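Let me begin by presenting the structure, written as structure tokens, before commenting on it.
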Amino acid sequence: MAMRGGDNAPKVVQGKGQAPKKGDANSVYEKVHNEDPNKIVSRTTYDKNGNISTREDYDHTHFDKATKTELQNHKHIYEYNDKGQRIGEKTVPIK
Ligand SMILES: [Zn+2]
């Protein structure tokens, strides 16, 4: 994952709405809280094709079937085939 502030720092866009399905290649979309724009409620990263690569959620829980627990902060990881079609998703806790 690219580090912030380096020469290759990703472009970051902020907004109050849902992350767009397509973004600039390797960019980041941060959804901010409606009333408190300093509070980030989710962070979406886009892959080199502009598809959603991962989304970190901080504002809701996600029930993990494998461990039968409610994950607080969690990260959705999306997988695509060569045609750019989504073929899978997994969700992992954020430490
Ligand atoms: Zn979620």
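Tabulated data
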| read-out | value |
| --- | --- |
| Residue identified as away from the ligand (no atom under 16 Å from the Cβ), exposed (fewer than 12 other Cβ atoms within 10 Å of the Cβ) and under 15 Å from the mean Cα position of the chain (by Cα) among K68, K48, K83 | K48 |
| In the range 19-41, residue nearest to the ligand (Cβ to nearest atom) [restricted to those that are crowded, with 19+ Cβ neighbours inside 10 Å and part of a strand (DSSP E or B)] | K31 |
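Since every read-out is calculated from the coordinates, none of them should be taken as a lab result. For clarity, every value in this text was computed on a predicted model and none was experimentally measured. A quick note on method: Cβ atoms are made from the backbone with ideal geometry, for glycine too, and the neighbour counts reach across all protein chains shown.
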